[in-house]
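One structure is given here, and the rest of the page talks about it.
The values are calculated or read from the model by the stated rules, or taken from the named source; none is laboratory data. Keep in mind that what you see is a predicted model, and the values were worked out from it rather than measured. As a convention, Cβ positions derive from the backbone with ideal geometry for all residues, glycine included, and neighbour counts pool all protein chains shown.
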Amino acid sequence: MAKQNIDFKTGNEMAALAIAQIDYHLMGYFPITPSTEIAEFLDEMKTRGEHNIAMVAADGEHGAAGINYGASTGGGRVFNATSANGFLYMLEQLPVQSGTRFPMVLDLVTRAVSGPLDIRGDHSDLYYGLNTGWPILLARDPQAVYDMNIIATRLTEHKDVRLPVIVAFDGFVTSHQKRKVQYIEDRKVVQDFVGEMPEGFVTSLDPKNPVTIGPYMNDPDYGNNKYQQSLAMYKTEEVYEMIASEYKELTGREYPVLDLYRMEDAEVAVFLLNSAAETAKDVADKLRAQGIKAGVISPNVIRPFPAKQIREALKNVKGLLVGERADSVGAYGGQITHEVKAAIQDDKDNKTVVVSRIFSLGGKDFFADEAEDFFKLAMEAAEKGYAEVPFDYYGVFPGNPEKAPKRLLEPVDTEQWKTGLIKVEKDETTGLLNVKVPPLRQLTKKPKRLAPGHGACPGCGIYPGLETFFKGIEGNIVVLFHTGCGMVVSTGYPYSAHKGTYLHNLFQNGAATLSGLVEMFWEKKRRGEIELPSEDFTFVMVTGDGGMDIGMGPSIGAALRNHKMIIVEYDNEGYMNTGSQLSYSTPIGHMTSTSNVGEKQGGKAFHHKDTAQIMAATNIPYVFTGTEAFPQDLIKKAAKAQWYAQNEGLVYGKILISCPLNWKAKDEEGSAIVGTAVNSCFFPIYEVEKGITNITYNPEEKGKRVPVSEWLGMLGKTKHLLKPEYAATLKSFENEIERRWIKLKAKHENPVL
C-alpha cells in the first residue's frame, strides 16, 4: 500500500489536492459558491509551486466549458468545478463534450438551483446532469472526494470509456466541513496510478494528422454515434470496478458501484445519495438493535445507473424509501425514484414497495430523527403491502399568516422623489444636455432609494455610490439587480431594503431581462393600458461583482438594441460576493483569492478591461464614469442618464466603489481611496455624450495628479507591488494607465475621435 498522511481537510481542499497531485494541464473556471474554493486552493498552491496547472479565468461558466472543451481537444488533462446555475449555464456544452468523446473531469459541488436564489446544497443541479452523457461518480465525504477524483482521471481516459466524468459531492456539507482524511504522501505514486495520457486520442494539435472535430452529422450517422456513446457509458461500470479494485489495493479504501450498509438480510431500507446516507447508517444501527432488519443503499456511481446491483440488493426488501434532494416537478417522484422502480420492474419476483420523498431542498440539514421517519415510512409500506402516499415532500409546513412579510415602510409617493431642483435642458445647437444641480444640502431631504438595515460590510462603497447616483434621478425607478453583494445583502427574505420596485435575475442575463420589461412598458403605454406619464418611470439595472464579465454579451445586445434604460455598474474590482476572486475589472498585479501572491505568482497576470469604452463603442447615447468622491459630478451625470434613458435610449455608467474587506483597506477611507484612484488617473471620470468625449475632472489641470503608487499604497491587496521584485509589474501598470489617459485626453480634445 502507498504511504499516506492523515489530516483534517474539507471536500474542496481534497479535490484541489487530488488535481494538484495529478498535475492536470488546464483548468478553465468561473467562481460560483460553493465550488469556488477549489479554484482558490489550486491558485494558492500554484503560488507555492505545488503544481503546473494553467488556471484560465473565464467570463462565465458557458465560456469556461468552452475553454475546457477546446483544451481537451488538444490531448491534455482538463478539470473544472462548478455548482447550481453555473452548471446549468454550461449545460449546452456538456453533451458536445460527451458526444465527441473527449475526456475531462468536472467536480459538481451540488447546490440548489435558482429561483428563488439559494446558495445551500441539494441535488437539483445534479439531476440536470443525469442526461448529459457523462458518467457520474458520487462522493459522500471529503475522503471520497479525493479518491473519486483520482479514480475519475483513470476512468475518463480509459480506451473503452473516453467520456468526460462528473464527480458530485454535497455543497457545504461535504465541500466545507473538515473531516479526518488520508491522502497519498508521494504525488509520484498518484501519477503512476493514473498513468500518462494514453495514446490514440484524436487531437487538434497534430499538424501531420489534420482532423475534423464536431462535424455536421445527419441520421443515421448521428444515431450510430449515440449508440457508440451508449455502449461506452455501459462499459464504464465494468471499467470503474476494475479501477476501484486497483485503488483499493493502493489505499485500502473500497468504493463499490453500490454502497450497501447492512443490506445482507434487510427487509426495510432507504435509498439516499451522498452525505444523507451517512446519517441514515447510524439510524440503521439503532433499528437493528431493536430487532428491525434495516439497511441503507447509496450509489457511488449514478451514471451509468446501477440497475443490476439494485435489483440484487432489493431482492428481500419489502419496503424501500427513496429520498431525493431534487424533484422532477410534475412526475410524481424524482428521477431516481423512477429509475429505481424501472430497475425492479425487470425482476418478476421483486415485491418491494417503493415510497418517494423529496427532502432537504435548499440546504436544509438532514438529521437522524428525519432518517428514522424515512425508515418508518418504509416499514409502513412493508406492513401494508402498498404505499398509502407513494410520493410527497418531506419537511414542508403550512405558512403562518401572522408571520407573512409585512410592509415596514409605506410606499414613497412619486412626488417625494421629485425635487424640481435638478434642471436638464437640451442645447438645440449642439444636441447635448446642460444640467444644473443645487448644492448637495438641498438634496438631503430627498428620500433614499434603499432603506437602512441592509447587511453590507462596514465601509462598503456600494450604497454610498448608488445613493449618490440616485440623488440625480427624479421620480419612480424600477430597479433590477444582478446577483452580487448589492443584491444579496439587501433582499434577505422575508425582508427587503428596496423602497421601489425591485427585480432580480441571473448574473448573466439582467440586461436582457430588464430590456424585456422596458419594451413591455412602452407597448402597454402605446395600447393605452398604462396611463401614468412615462417620466414617472426610469428603468435601472445595477450590476457589479464581475457582472459585466458574465453579463457582457446581453448588455452589449441591449445596448445595440438601444432600449430606454440605464445600466449602472458598481466596480469593486472583483467577484466580491463569492469571496474576492479576480474579475476582468481587476487590475494587473492585484491580489485576489484566484490571483494570489507568492513565490511563483504575483497577483493578476493581465490588465483590466475598459468597460466604459467597450460600451461607448456600441454608439449608445450616453456613457459615464463617476465616484462618490466627486458627488456633484456623479449627480449631474445621473440626471443626464435619466433624460437619455427616458427619451433616446440606453445609458451605461461605471461607479468605482470601495470594498474594504477584500481591498484590505480601512473602512472609513473608502471615499479617499476612490478619490485617489481618480487623481492617479487609474479611474478617470468622464462622459461620452452622443459620441463626444468630455473629461469632467482633470487632475492634471487641477494640479492634483498623484503617482499610481500613492493609490496602491492605500490598499492591502496591492502593497506588494511597491516592493522591488514587482517593479516590472508596477511599471507595466503605470504605462497602461498613462496610455489610456493620453488616449482619453486625445478624444476629449478632438470630438471626432
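Side notes on the structure shown:
- Qualifying residue in the stretch 39-50 (condition: closer than 28 Å to Phe359 by Cα, in contact with a strand residue (DSSP E or B) (Cβ under 8 Å, 6 or more places away or on another chain) and of a type in the set (Ser, Thr, Tyr)): no
- Members of the stretch 309-340 that are within 22 Å of Ala168 (Cβ to Cβ) and without any contact (Cβ under 8 Å) to a residue 24 or more places away in the chain: Val329, Ala331, His338
- Close Cβ contacts (under 9 Å, 6 or more residues apart or on different chains) running from residues in the stretch 729-753 that are more than 26 Å from Ser595 (Cβ to Cβ) to residues that are of a type in the set (Asp, Glu) comprise Lys745/Glu700.
- Qualifying strands (runs of 3 or more DSSP E) (wholly inside the stretch 619-707; at least 3 residues being closer than 14 Å to Ile567 by Cα and not hydroxyl-bearing (Ser, Thr, Tyr)): 622-627, 651-656
- Tallying residues that are surrounded by fewer than 23 Cβ atoms within 10 Å (Cβ to Cβ) and among the hydrophobic types (A, V, I, L, M, F, W, C) within the stretch 616-634 yields 3.
- Unique match (being modelled with pLDDT under 95 and either out of contact with any Phe, Trp or Tyr (no Cβ under 8 Å at 6 or more places or on another chain) or surrounded by fewer than 24 Cβ atoms within 10 Å (Cβ to Cβ) (or both)) among Asp667, Asp610: Asp667
- Subset of the stretch 541-573 that is out of contact with any Phe, Trp or Tyr (no Cβ under 6 Å at 6 or more places or on another chain) and at positive phi - its residue that is surrounded by the fewest Cβ atoms within 10 Å (Cβ to Cβ): Asn562
- Against the list (1) under 18 Å from the mean Cα position of the chain (by Cα); (2) part of a loop (DSSP other than H, G, I, E, B), the condition Thr132 fails is (1).
- When Pro684, Pro699, Pro707, Pro724 are checked against the criterion of being over 25 Å from Leu421 (Cα atoms), at pLDDT 95 or above and not assigned by TED's automatic domain parsing to the domain that holds Leu421, a single residue qualifies: Pro724.
- Whichever residue in the stretch 572-618 is closer than 30 Å to Gly431 by Cα and not in a loop (DSSP other than H, G, I, E, B) and, among such residues, is nearest to the chain's Cα centre (by Cα): Thr611
- The set of residues from the stretch 82-104 being closer than 20 Å to Leu231 by Cβ, among the polar types (S, T, N, Q) and part of a helix (DSSP H, G or I) comprises Gln97, Ser98.
- Criterion: assigned to a helix (DSSP H, G or I), in the same structural domain as Val322 (by TED's automatic domain parsing) and not basic (Lys, Arg) - qualifying residue of Glu383, Glu388: Glu383
- Checking the stretch 97-108 against the condition returns no match, with no residue being surrounded by fewer than 24 Cβ atoms within 10 Å (Cβ to Cβ), at pLDDT 95 or above and either within 20 Å of the chain's Cα centre (by Cα) or of a type in the set (A, V, I, L, M, F, W, C) (or both).
- Residues of the stretch 716-744 satisfying the condition of being outside any helix (DSSP H, G or I) and touching a His at 6+ places or on another chain (Cβ under 8 Å): Lys717, Thr718
- The lone exception for Val296 - which of (1) surrounded by 23 or more Cβ atoms within 10 Å (Cβ to Cβ); (2) more than 24 Å from Thr174 (Cβ to Cβ) it fails: (2)
- Against the numbered list (1) under 28 Å from the mean Cα position of the chain (by Cα); (2) over 30 Å from Val355 (Cβ atoms); (3) not aliphatic (A, V, I, L, M), Tyr393 comes up short only at (2).
- Considering only residues in the stretch 112-128 that are assigned to a loop (DSSP other than H, G, I, E, B) and in contact with a Phe, Trp or Tyr (Cβ under 8 Å, 6 or more places away or on another chain), the one that is surrounded by the fewest Cβ atoms within 10 Å (Cβ to Cβ) turns out to be Pro116.
- Criterion: crowded, with 18+ Cβ neighbours inside 10 Å and either in contact (Cβ under 8 Å) with a residue 40 or more places away in the chain or of a type outside the set (Gly, Ala, Ser) (or both) - qualifying residue of Leu433, Leu443: Leu433
- From Ala244, Ala269, Ala276, residue being in the same structural domain as Glu157 (by TED's automatic domain parsing) and surrounded by 22 or more Cβ atoms within 10 Å (Cβ to Cβ): Ala244
- Selection from the stretch 322-361 of residues that are of a type in the set (Lys, Arg), part of a loop (DSSP other than H, G, I, E, B) and surrounded by fewer than 24 Cβ atoms within 10 Å (Cβ to Cβ): Lys348, Lys351
- Subset of the stretch 676-693 [under 13 Å from Val706 (Cβ atoms) and polar (S, T, N, Q)]: Thr676, Asn679, Ser680
- Within the stretch 129-144, restricting attention to residues that are of a type in the set (Gly, Ala, Ser) and surrounded by fewer than 23 Cβ atoms within 10 Å (Cβ to Cβ), the residue that is nearest to Glu237 (Cα to Cα) is Gly133.
- Lone unmet requirement of (1) closer than 17 Å to Glu324 by Cα; (2) polar (S, T, N, Q); (3) over 35 Å from the mean Cα position of the chain (by Cα) for Ser275: (3)
- Residue list for the stretch 52-77, restricted to those being surrounded by fewer than 21 Cβ atoms within 10 Å (Cβ to Cβ), farther than 27 Å from Pro554 by Cα and not polar (S, T, N, Q): Ala54, Gly74, Gly75, Gly76
- Residue pairs whose Cβ atoms lie under 7 Å apart, sitting 6 or more positions apart in sequence or on different chains, and linking a residue in the stretch 364-376 that is closer than 16 Å to Val322 by Cβ to a partner that is of a type in the set (S, T, N, Q) and in a helix (DSSP H, G or I), are Phe366/Thr279; Ala371/Thr279.
- Tally of residues being in contact with a helix residue (DSSP H, G or I) (Cβ under 7 Å, 6 or more places away or on another chain) and within 18 Å of Leu42 (Cβ to Cβ) across the stretch 565-582: 5
- Of the residues making up the stretch 167-195, not one is hydroxyl-bearing (Ser, Thr, Tyr) and assigned to a helix (DSSP H, G or I).
- Of all residues in the stretch 30-45, those that are more than 20 Å from Gly121 (Cα to Cα) have Cβ atoms under 9 Å from Cβ atoms of residues that are surrounded by fewer than 22 Cβ atoms within 10 Å (Cβ to Cβ) and modelled with pLDDT under 95, 6 or more apart or on another chain, in Asp43/Gln601; Glu44/Gly598.
- When the strands (runs of 3 or more DSSP E) confined to the stretch 426-510 are screened for residues that are outside the structural domain of Met548 (by TED's automatic domain parsing), none reaches at least 2 such residues.
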